[in-house]
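The values are calculated or read from the model by the stated rules, or taken from the named source; none is laboratory data. Treat the numbers as computed from the prediction; the structure is a model and nothing was measured. For neighbour counting, all protein chains shown are included, and Cβ atoms are generated from backbone atoms with ideal geometry for every residue, glycine included.
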């Protein structure tokens, strides 16, 4: 079976909200900027904007017709500078990690949307940094990399064209 990307519909917002809580929980290992809410969940306050702001494009990652993660793709008109796309958030459920499915999902995004990209990782998130470097090698992408502090966190920023 192959990986598919399915645009998240507004009526599926609760599913995406649940996945975002898991994603933010994972990210909380690498940053002090994320805290659990009083209800025991991590919250992404801008989630409702995905269906109000053009260029914020959430996709479910599916495998065998089951949701195994999501991607938040930034695109125009939301992006106004040199990049056509940015992968803002990329998440695969733990039970599906290490099987090559994330690589397939990244490849699928690049097949669907050609142009100038940027991707950002918190430097401390070694798994994400290693994953994206492997993506660039395996897909023969020539990425330029720099470091910058974003929201108080040292981050790696890669830019490239596909």
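Among the conditions (1) under 22 Å from residue 32 (Cα atoms); (2) in contact (Cβ under 8 Å) with a residue 12 or more places away in the chain; (3) out of contact with any helix residue (DSSP H, G or I) (no Cβ under 6 Å at 6 or more places or on another chain), residue 109 misses just one, which is (1).
Would you mind stating whether residue 11 is surrounded by 14 or more Cβ atoms within 10 Å (Cβ to Cβ) and over 23 Å from residue 151 (Cβ atoms)? Can you show your working first?
Numbers: surrounded by 14 or more Cβ atoms within 10 Å (Cβ to Cβ): no; over 23 Å from residue 151 (Cβ atoms): yes.
For residue 11, the condition - surrounded by 14 or more Cβ atoms within 10 Å (Cβ to Cβ) and over 23 Å from residue 151 (Cβ atoms) - is not met.
Listed here are the strands (runs of 3 or more DSSP E) enclosed by the stretch 1-120 that have at least 1 residues being more than 14 Å from the chain's Cα centre (by Cα), modelled with pLDDT under 95 and within 21 Å of residue 141 (Cβ to Cβ): 3-7.
So that you can scan it fast, the table gives a plain yes or no per residue for (1) without any contact (Cβ under 8 Å) to a residue 40 or more places away in the chain; (2) over 24 Å from residue 26 (Cβ atoms); (3) in contact with a helix residue (DSSP H, G or I) (Cβ under 7 Å, 6 or more places away or on another chain):
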site: 63; (1), (2), (3): no, no, yes
site: 73; (1), (2), (3): no, no, yes
site: 78; (1), (2), (3): yes, yes, no
site: 81; (1), (2), (3): yes, yes, no
site: 88; (1), (2), (3): yes, no, no
site: 91; (1), (2), (3): no, no, yes
site: 97; (1), (2), (3): yes, no, no
site: 117; (1), (2), (3): no, no, no
site: 140; (1), (2), (3): yes, yes, no
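The number of residues in the stretch 21-60 being over 20 Å from residue 85 (Cα atoms), touching a residue at least 40 places away in the same chain (Cβ under 8 Å) and surrounded by 14 or more Cβ atoms within 10 Å (Cβ to Cβ) comes to 6.
Output the residue which, of all residues in the stretch 138-153 that are in a strand (DSSP E or B) and under 18 Å from the mean Cα position of the chain (by Cα), is nearest to residue 101 (Cα to Cα).
To start, the set of residues in the stretch 138-153 that are in a strand (DSSP E or B) comprises 144-150, 153.
Filter once more, keeping what is under 18 Å from the mean Cα position of the chain (by Cα): 145, 150, 153.
Numbers: 145: 24, 150: 28, 153: 28 Å.
Once the filter is applied, the top-ranked residue is 145.
Screening residue 131 on (1) outside any strand (DSSP E or B); (2) surrounded by 19 or more Cβ atoms within 10 Å (Cβ to Cβ); (3) in contact with a helix residue (DSSP H, G or I) (Cβ under 7 Å, 6 or more places away or on another chain) shows it passes everything except condition (2).
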